[in-house]
Structures are given as structure tokens and as C-alpha cells.
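Written out below as C-alpha cells is the structure these notes cover.
The values are calculated or read from the model by the stated rules, or taken from the named source; none is laboratory data. Just so you know, these numbers come straight off a predicted model, no measurement behind them. Positions of Cβ are backbone-derived with ideal geometry, glycine not excepted, and every protein chain shown enters the neighbour counts.
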Amino acid sequence: MILHTEKINNKVKSGLYIVSTPIGNLSDITLRALDVLKKSDYILCEDTRTSKNLLDRYEISSKLISNHKFNEKKNLLKVIDILKSNCIVSLISDAGTPSISDPGAILVNECFINKIDVFPIPGASAVSSAVSISGFSEKYFFYGFLPEKKNRLKEGFEKLTDLDSCIIFFISPRKFNKLVKDIKYYFADRKILICREMTKYYEEFIRIDINNLEPFKSDPKGELTIVISEKTKEKKSSIILKESDKKSIQKMIKKISIKDITDLISKNSDVPKKEIYNYCLKLKNEK
């Protein structure tokens, strides 16, 4: 059987190209990405020093412009003027796909306002790579980087815990260690996949039950990609709160938080935490 293939059109149109780059292993770049980068008049880089490692390897000599979260607004008019002169401009980040937890969205929106074509060049993604080896639900919610402030972090976790899908976020190892207790509280009875240094020589994957999660003994290097499994389907339990437990809760409800009450009662009871929590909530609403 003879296979007929179409002749590939090597012409690259003028406009902005959002080019995905490797998340670790420099071999994980597409042929199309290399072609576009070589034909670009300018390449916007999050960190020119990091990008040069990739570009030098593939002998790409296009002009570089530093473009990171601290100067992307300042660069905006300059880049738009370059694009209006029918140039080919590529945007890359240090790793993965630009404008997803990286600079880029501001420029993309400005291009649409100015009727400048924007083209995606797909490639490596920490998100899809982590989900693909998790064994969790194919439905997922990508949160990005967790917020720094405690109140916003709490609000975020409270919303995420109600989602019936697996959840992905980025985090530093040091911050992960500080949040282990919160992760165990908000996502109890689920599974977790911790991905570190993906696609690199020392890549590491840890998949365990969240109830057994412990902090790292020392902060490992590299950013972590975390995948938390979907909510487990709760079996209807015949175990109910004892009257003695209910009385104890009634005494404590005005003095300490629902979370603390739930933790205290569950230590000496087989009743699911959710049932204890819901009973506390009911009492609070009746007051």
C-alpha cells in the first residue's frame, strides 16, 4: 500500500507564536517549535539565560527580548509595534507553555485588541504529563500556583475540596512541607501524586494515600507538581454518632472551632469526619 503525504508548507506567517518549550529534558521539543523559533525575528524570553541553553543547543540565533512578569507591561507597546511591522515573534517561558502560570496573557489580549494573529505551538506540559501517570480521573481542575496569603489559601482549599475532579497545582517543596496538615484535612481519604523534577535525570514520583502523607525530611530541589485524586464515593455508613458524642459536641460548639471538634471526636470514634462536621454545622445553624 502506498501512503500519500501532503507537501509540508514551511512558510511561517507573521504574528505572535506561543511556543511550548521542554519542562526539563531539552529533547522534549517539537520539530514545529524549532522551525518557528528559527524563523522568528524576535523571541520573548522569561529569562534569557535559561532560554539560551535551549536555543544554543539547536543553533537558534533569533534576537532575544527579556519578557517576564516584572517588565511585560513595560514591553507591551514595543512588542506590539514590532508585530505590526509584520514580524514573526515567538513567546517562550523558562519551561512549558507561556501564559499558563507564566507571563503571556497580557500580550495575547493586546494582540487581539490590535487584530494581530496569535498562534499556539503545543508541546510539553507539566499538567498533562502529571495527570497522565496519576491513574486518577481524566476530569481535572488546574489551579496553578497556590496563593501566598493564609486567608486566600484557606478560601482556595475550601472551594477545591468540593470539586468532583482531580486537582493539580504547583508548589515549592518548602511550602508543601508547611501545608501537609492542611492538605490532609481538606483532602482526607483521597490519593496524591507528587511529581518532582519531571523529565529530568533525577525525576521522582510519589503516589500515596493522603492520610499517610508526611513532610519531606529535607526540602528537595525543584518545583513540585501536585495531583490530588477525585473525591471518593462515600459508602453509606451504619456508624452514627453516639449520644455521648453529641452531648460533648454541644458543650464544645461555642468554645472551639468545628475543625477542632471534628478532630477531637474522630480520634475516639469510627464515625466519618464528614458526619461529625455536618452535625457541628447543623448545631451552629440552629443557634
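Annotations for the structure displayed:
- Residue under evaluation LYS115, criteria (1) in contact (Cβ under 8 Å) with a residue 24 or more places away in the chain; (2) in a loop (DSSP other than H, G, I, E, B); (3) not hydrophobic (A, V, I, L, M, F, W, C), criterion not met: (1)
- The number of residues in region 38-55 being assigned to a helix (DSSP H, G or I) and closer than 16 Å to ILE82 by Cβ comes to 1.
- Any hit, region 209-232, residues being over 30 Å from the mean Cα position of the chain (by Cα), over 24 Å from SER134 (Cβ atoms) and not in a helix (DSSP H, G or I): no
- Given (1) modelled with pLDDT of 85 or more; (2) farther than 30 Å from LYS200 by Cα, index of the condition LYS236 fails: (1)
- When VAL12 is tested against (1) in a helix (DSSP H, G or I); (2) modelled with pLDDT under 95; (3) touching a strand residue (DSSP E or B) at 6+ places or on another chain (Cβ under 8 Å), just one condition goes unmet, and that condition is (1).
- Where a residue in region 146-160 is surrounded by 11 or more Cβ atoms within 10 Å (Cβ to Cβ) and its partner, wherever it lies, is of a type in the set (Asp, Glu) and not in a loop (DSSP other than H, G, I, E, B), with Cβ under 7 Å and at least six apart: PHE157/ASP182
- Reported count of residues in region 51-87, each being farther than 16 Å from ASN114 by Cβ, hydrophobic (A, V, I, L, M, F, W, C) and surrounded by 15 or more Cβ atoms within 10 Å (Cβ to Cβ), is 5.
- Every residue from region 146-163 that is part of a helix (DSSP H, G or I), within 21 Å of ILE100 (Cα to Cα) and of a type outside the set (A, V, I, L, M): ARG152, GLY156, PHE157, LYS159
- Within region 58-106, tally of residues that are in a helix (DSSP H, G or I) and over 21 Å from the mean Cα position of the chain (by Cα): 13
- As for region 219-234, it holds at least one residue that is touching an Asp or Glu at 6+ places or on another chain (Cβ under 6 Å) and exposed (fewer than 13 other Cβ atoms within 10 Å of the Cβ).
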